[in-house]
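Everything below concerns the one structure shown next.
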Amino acid sequence: MPPSRQIPLQFPETSLSFDDMAITGANRAICGAIRNVERWPYHAFCLFGPAGSGVSTLARAWARERNADYVTGHDLSKASDKDLEAFSQTDTVIDDVDQLGRADRLLILLSAIKRNGNRVLLASHSAPASWQFQSPDLKSRLHAAPLAEIPAPDEELMRARLKRAFSRSALKLPETVEDYLVTRLGLDYSLIEHSVEILAGASGERPLTIPLAREILEEENT
(Lines give C-alpha, C1' and ligand atoms only; values in the text may rest on other atoms or scores of the structure.)
Protein backbone atom coordinates (compact mmCIF):
# COMPACT_ATOMS: atom_id res chain seq x y z
CA MET A 1 0.00 0.00 0.00
CA PRO A 2 1.44 3.41 -0.92
CA PRO A 3 2.52 5.48 2.10
CA SER A 4 0.03 8.10 3.24
CA ARG A 5 0.78 11.64 2.14
CA GLN A 6 0.90 14.56 4.50
CA ILE A 7 1.82 18.18 4.09
CA PRO A 8 5.43 18.36 5.35
CA LEU A 9 6.05 20.79 8.16
CA GLN A 10 8.62 23.38 7.11
CA PHE A 11 10.48 25.70 9.46
CA PRO A 12 11.48 29.18 8.24
CA GLU A 13 15.07 29.59 7.11
CA THR A 14 17.12 32.66 7.83
CA SER A 15 19.56 34.10 5.33
CA LEU A 16 22.99 32.50 5.63
CA SER A 17 26.28 34.30 5.93
CA PHE A 18 29.44 32.89 4.35
CA ASP A 19 30.51 31.83 7.85
CA ASP A 20 27.28 29.85 8.28
CA MET A 21 27.27 27.96 4.99
CA ALA A 22 29.21 24.84 4.06
CA ILE A 23 32.26 25.76 1.98
CA THR A 24 34.04 22.77 0.46
CA GLY A 25 36.36 22.06 -2.41
CA ALA A 26 33.36 22.28 -4.74
CA ASN A 27 32.39 25.88 -3.99
CA ARG A 28 35.45 27.41 -2.29
CA ALA A 29 36.83 28.99 -5.47
CA ILE A 30 33.53 30.55 -6.53
CA CYS A 31 32.89 31.93 -3.03
CA GLY A 32 36.35 33.46 -3.05
CA ALA A 33 35.83 34.95 -6.50
CA ILE A 34 32.63 36.82 -5.64
CA ARG A 35 33.86 37.95 -2.23
CA ASN A 36 37.17 39.37 -3.46
CA VAL A 37 35.63 42.38 -5.20
CA GLU A 38 38.94 44.24 -5.32
CA ARG A 39 40.11 41.74 -7.92
CA TRP A 40 37.05 42.02 -10.14
CA PRO A 41 38.15 43.36 -13.53
CA TYR A 42 34.78 45.09 -13.91
CA HIS A 43 32.25 46.63 -11.54
CA ALA A 44 29.73 43.82 -12.25
CA PHE A 45 30.05 40.07 -11.73
CA CYS A 46 27.69 37.47 -13.26
CA LEU A 47 26.96 34.39 -11.16
CA PHE A 48 24.70 31.61 -12.42
CA GLY A 49 23.78 28.02 -11.72
CA PRO A 50 20.89 25.58 -12.10
CA ALA A 51 17.86 25.54 -9.82
CA GLY A 52 18.80 24.22 -6.40
CA SER A 53 22.48 25.06 -6.77
CA GLY A 54 22.39 27.84 -4.19
CA VAL A 55 22.64 30.88 -6.45
CA SER A 56 20.27 32.93 -4.28
CA THR A 57 21.94 31.69 -1.09
CA LEU A 58 25.30 32.96 -2.32
CA ALA A 59 23.75 36.21 -3.54
CA ARG A 60 22.11 36.86 -0.17
CA ALA A 61 25.32 36.01 1.69
CA TRP A 62 27.23 38.46 -0.52
CA ALA A 63 24.60 41.15 0.11
CA ARG A 64 24.81 40.53 3.84
CA GLU A 65 28.61 40.69 3.88
CA ARG A 66 28.75 43.83 1.72
CA ASN A 67 25.74 45.51 3.37
CA ALA A 68 24.37 45.68 -0.16
CA ASP A 69 20.89 46.29 -1.51
CA TYR A 70 19.15 43.09 -2.57
CA VAL A 71 16.56 43.30 -5.36
CA THR A 72 15.21 40.91 -7.97
CA GLY A 73 14.98 41.26 -11.73
CA HIS A 74 11.24 41.72 -11.35
CA ASP A 75 11.81 44.56 -8.85
CA LEU A 76 14.32 46.19 -11.17
CA SER A 77 11.88 46.13 -14.07
CA LYS A 78 9.56 48.39 -12.08
CA ALA A 79 12.26 50.66 -10.66
CA SER A 80 12.22 54.37 -11.46
CA ASP A 81 15.34 56.34 -12.35
CA LYS A 82 15.29 57.67 -8.80
CA ASP A 83 15.20 54.11 -7.44
CA LEU A 84 18.14 53.13 -9.62
CA GLU A 85 20.18 56.08 -8.39
CA ALA A 86 19.39 55.06 -4.81
CA PHE A 87 20.50 51.47 -5.48
CA SER A 88 23.78 52.70 -6.93
CA GLN A 89 24.77 54.42 -3.69
CA THR A 90 25.82 51.04 -2.28
CA ASP A 91 26.83 47.66 -3.61
CA THR A 92 23.81 45.87 -5.06
CA VAL A 93 22.64 42.34 -5.79
CA ILE A 94 20.20 41.70 -8.63
CA ASP A 95 18.88 38.17 -8.08
CA ASP A 96 16.89 36.36 -10.79
CA VAL A 97 18.23 38.97 -13.17
CA ASP A 98 17.13 36.77 -16.07
CA GLN A 99 13.55 37.72 -15.13
CA LEU A 100 14.25 41.38 -15.89
CA GLY A 101 11.95 42.79 -18.55
CA ARG A 102 13.74 46.04 -19.45
CA ALA A 103 17.36 46.28 -20.54
CA ASP A 104 17.43 50.05 -19.95
CA ARG A 105 16.92 49.53 -16.19
CA LEU A 106 20.09 47.47 -15.92
CA LEU A 107 22.03 49.76 -18.26
CA ILE A 108 21.23 52.80 -16.13
CA LEU A 109 22.11 50.94 -12.93
CA LEU A 110 25.42 49.68 -14.31
CA SER A 111 26.41 53.21 -15.29
CA ALA A 112 25.41 54.62 -11.90
CA ILE A 113 27.17 51.84 -9.98
CA LYS A 114 30.37 52.52 -11.91
CA ARG A 115 30.07 56.28 -11.41
CA ASN A 116 29.72 55.83 -7.66
CA GLY A 117 32.55 53.31 -7.36
CA ASN A 118 30.39 50.42 -6.18
CA ARG A 119 29.84 46.81 -7.24
CA VAL A 120 26.86 44.81 -8.51
CA LEU A 121 26.43 41.03 -8.37
CA LEU A 122 24.09 39.69 -11.07
CA ALA A 123 22.67 36.28 -10.11
CA SER A 124 20.50 33.98 -12.23
CA HIS A 125 19.78 30.41 -13.25
CA SER A 126 21.02 30.97 -16.80
CA ALA A 127 24.08 32.46 -18.48
CA PRO A 128 23.90 36.07 -19.73
CA ALA A 129 24.01 34.91 -23.35
CA SER A 130 20.50 33.47 -22.95
CA TRP A 131 18.90 36.50 -21.26
CA GLN A 132 16.06 37.56 -23.53
CA PHE A 133 15.87 41.22 -22.51
CA GLN A 134 19.34 42.23 -23.68
CA SER A 135 20.12 45.12 -25.99
CA PRO A 136 23.35 45.32 -28.03
CA ASP A 137 24.71 47.96 -25.63
CA LEU A 138 23.93 45.88 -22.56
CA LYS A 139 25.37 42.75 -24.18
CA SER A 140 28.68 44.50 -24.82
CA ARG A 141 28.89 45.69 -21.22
CA LEU A 142 28.10 42.28 -19.77
CA HIS A 143 30.76 40.78 -22.02
CA ALA A 144 33.32 42.71 -19.94
CA ALA A 145 32.02 41.30 -16.64
CA PRO A 146 33.54 38.17 -15.11
CA LEU A 147 31.27 35.15 -15.37
CA ALA A 148 31.14 32.14 -13.03
CA GLU A 149 28.91 29.07 -13.03
CA ILE A 150 28.29 27.21 -9.78
CA PRO A 151 29.90 23.78 -10.22
CA ALA A 152 28.44 20.41 -9.29
CA PRO A 153 28.69 19.61 -5.56
CA ASP A 154 31.14 17.21 -4.01
CA GLU A 155 30.04 14.62 -1.44
CA GLU A 156 30.84 16.88 1.51
CA LEU A 157 28.64 19.64 0.14
CA MET A 158 25.81 17.23 -0.73
CA ARG A 159 25.81 15.99 2.86
CA ALA A 160 25.72 19.53 4.21
CA ARG A 161 22.88 20.48 1.88
CA LEU A 162 20.90 17.36 2.83
CA LYS A 163 21.30 18.12 6.54
CA ARG A 164 20.17 21.70 6.00
CA ALA A 165 17.13 20.60 3.98
CA PHE A 166 16.14 18.14 6.72
CA SER A 167 16.66 20.81 9.39
CA ARG A 168 13.85 22.81 7.78
CA SER A 169 11.43 19.92 8.28
CA ALA A 170 10.29 17.99 11.33
CA LEU A 171 12.01 14.86 10.00
CA LYS A 172 15.22 13.61 11.60
CA LEU A 173 18.02 12.37 9.35
CA PRO A 174 19.81 9.29 10.71
CA GLU A 175 23.41 8.89 9.54
CA THR A 176 22.60 5.61 7.79
CA VAL A 177 19.84 7.28 5.78
CA GLU A 178 22.14 10.18 4.97
CA ASP A 179 24.66 7.70 3.53
CA TYR A 180 21.92 6.04 1.50
CA LEU A 181 20.57 9.32 0.11
CA VAL A 182 24.01 10.57 -0.90
CA THR A 183 24.49 7.37 -2.90
CA ARG A 184 20.98 7.41 -4.38
CA LEU A 185 20.84 11.10 -5.31
CA GLY A 186 24.40 11.35 -6.56
CA LEU A 187 26.03 14.74 -6.91
CA ASP A 188 22.91 16.56 -8.04
CA TYR A 189 21.67 19.69 -6.26
CA SER A 190 18.31 19.60 -7.99
CA LEU A 191 17.20 16.37 -6.29
CA ILE A 192 17.76 17.44 -2.68
CA GLU A 193 14.79 19.65 -1.86
CA HIS A 194 12.22 17.58 -3.74
CA SER A 195 13.43 14.31 -2.20
CA VAL A 196 13.35 15.69 1.34
CA GLU A 197 9.88 17.14 0.73
CA ILE A 198 8.62 13.75 -0.49
CA LEU A 199 10.18 11.91 2.45
CA ALA A 200 8.79 14.37 4.99
CA GLY A 201 5.33 14.25 3.45
CA ALA A 202 5.06 10.48 3.14
CA SER A 203 6.81 9.19 6.24
CA GLY A 204 4.17 10.53 8.64
CA GLU A 205 5.18 9.86 12.24
CA ARG A 206 7.33 6.88 11.33
CA PRO A 207 11.07 7.25 12.00
CA LEU A 208 13.04 7.39 8.78
CA THR A 209 14.98 4.25 7.91
CA ILE A 210 16.70 3.10 4.73
CA PRO A 211 13.87 0.67 3.83
CA LEU A 212 11.26 3.36 4.39
CA ALA A 213 13.21 5.96 2.41
CA ARG A 214 13.69 3.47 -0.43
CA GLU A 215 10.00 2.55 -0.44
CA ILE A 216 8.86 6.20 -0.54
CA LEU A 217 11.28 7.29 -3.25
CA GLU A 218 10.70 4.24 -5.43
CA GLU A 219 6.93 4.67 -5.14
CA GLU A 220 7.32 8.32 -6.13
CA ASN A 221 9.20 7.30 -9.30
CA THR A 222 6.67 4.70 -10.44
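The values are calculated or read from the model by the stated rules, or taken from the named source; none is laboratory data. Quantities reported herein were computed from a predicted structural model and do not represent experimental measurements. Positions of Cβ are backbone-derived with ideal geometry, glycine not excepted, and every protein chain shown enters the neighbour counts.
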So which helices (runs of 4 or more DSSP H) are wholly in segment 115-222 and hold at least 2 residues that are polar (S, T, N, Q) and more than 27 Å from H74 (Cα to Cα)? 175-185
Kindly indicate whether F87 is at pLDDT below 90 and over 30 Å from E197 (Cα atoms). no
Just need a number here: residues in segment 137-187 that are in contact with a strand residue (DSSP E or B) (Cβ under 7 Å, 6 or more places away or on another chain) and under 16 Å from I198 (Cα atoms). 2
Taking only segment 53-102 into account, find how many residues are in contact (Cβ under 8 Å) with a residue 24 or more places away in the chain, assigned to a loop (DSSP other than H, G, I, E, B) and surrounded by fewer than 17 Cβ atoms within 10 Å (Cβ to Cβ). 5
Please determine, by comparing only the residues of segment 103-133 that are under 21 Å from W40 (Cα atoms) and basic (K, R), which one is surrounded by the most Cβ atoms within 10 Å (Cβ to Cβ). R119
Here is a check on your reading of the model: is N221 within 20 Å of T92 (Cα to Cα) and surrounded by fewer than 19 Cβ atoms within 10 Å (Cβ to Cβ)? no
Residue identified as touching a residue at least 40 places away in the same chain (Cβ under 8 Å) and within 14 Å of L138 (Cα to Cα) among L47, L110, L106: L110
Which ones in segment 2-19 are at pLDDT 90 or above, surrounded by 13 or more Cβ atoms within 10 Å (Cβ to Cβ) and either more than 29 Å from P146 (Cβ to Cβ) or among the acidic types (D, E) (or both)? none
